[in-house]
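The values are calculated or read from the model by the stated rules, or taken from the named source; none is laboratory data. Bear in mind the structure is a predicted one, so any value in this text is a computation, not a measurement. Neighbour counts are summed over all protein chains in view; Cβ atoms, including those assigned to glycine, are modelled from backbone coordinates with ideal geometry. In case anyone asks, the SASA skips ligands and DNA or RNA and just uses the protein heavy atoms, side chains included. Shrake-Rupley method; radii C 1.70, N 1.55, O 1.52, S 1.80 Å.
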Amino acid sequence: PDSIDVRHQIVRATKAERQALELDRDAKVIRIERTRTWLERPIISETISLPDDLFPALGDRAEIPNTLYDLFHKEFSVLVVRADERITAIAADASLAAVLSVPEGSPLLKVDRTAFALDDRPLEWRVSICMLDNAHYFARLK
């Protein structure tokens, strides 16, 4: 998918971000919010939280690339080796309905992912709300 409406900022981590990323109380995160599209149609509303100390200067960039894991590896020498995902069915509230261009109450898939580095440190917490009209979720387990 492509990304549109990409916004990012360095902020103090919320309690949920601190828990997911195992951060100290005063830690900061780089929070990225974006809408993913397929064939110019919005399909995913996504929020990504990254420990600011693990990705120095990423939050200061003018633009965030579409493919983050490649960036993590090439520019920060951080390799994603595994991810844990929790998948939940939800209904679109007014805000999500507007972003994804679906009627309020439409069924959506919430994918809550924590990605881990080689040293088993959590390096990304991503919550993706997916519209699955004419689409599906695919995962390969090895």
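Looking at Pro65, Pro51, Pro56, can you tell me which residue is within 16 Å of the chain's Cα centre (by Cα) and free of Cβ contacts under 8 Å to residues at least 24 places away in the same chain?
Pro65
Each row is one residue, and each column tells you yes or no for (1) touching a residue at least 24 places away in the same chain (Cβ under 8 Å); (2) closer than 26 Å to Ile30 by Cα; (3) part of a loop (DSSP other than H, G, I, E, B); (4) among the β-branched types (Val, Ile, Thr).
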residue	(1), (2), (3), (4)
Val99	yes, yes, no, yes
Asp112	yes, yes, no, no
Ser128	yes, yes, no, no
Asn134	no, no, yes, no
Phe138	no, no, yes, no
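Those residues that are open to solvent by less than 60 Å² (accessible area, probe 1.4 Å) and of a type in the set (Asp, Glu), I need them from the range 100-113; list them, please.
Correct list: Asp112 only.
Among Ala97, Ala89, which is the only one that is surrounded by fewer than 16 Cβ atoms within 10 Å (Cβ to Cβ) and either among the hydrophobic types (A, V, I, L, M, F, W, C) or at positive phi (or both)?
Among Ala97, Ala89, only Ala89 is surrounded by fewer than 16 Cβ atoms within 10 Å (Cβ to Cβ) and either among the hydrophobic types (A, V, I, L, M, F, W, C) or at positive phi (or both).
Could you grab me the full set of residues in the range 15-42 that are of a type outside the set (D, E, K, R), more than 28 Å from Leu132 (Cα to Cα) and either in contact with a Lys or Arg (Cβ under 8 Å, 6 or more places away or on another chain) or without any contact (Cβ under 8 Å) to a residue 24 or more places away in the chain (or both)?
Passing the criteria: Gln19, Ala27, Val29.
Looking at the range 114-138, which of the residues that are within 19 Å of the chain's Cα centre (by Cα) and open to solvent by 60 Å² or more (accessible area, probe 1.4 Å) is nearest to Ile43 (Cα to Cα)?
Leu132
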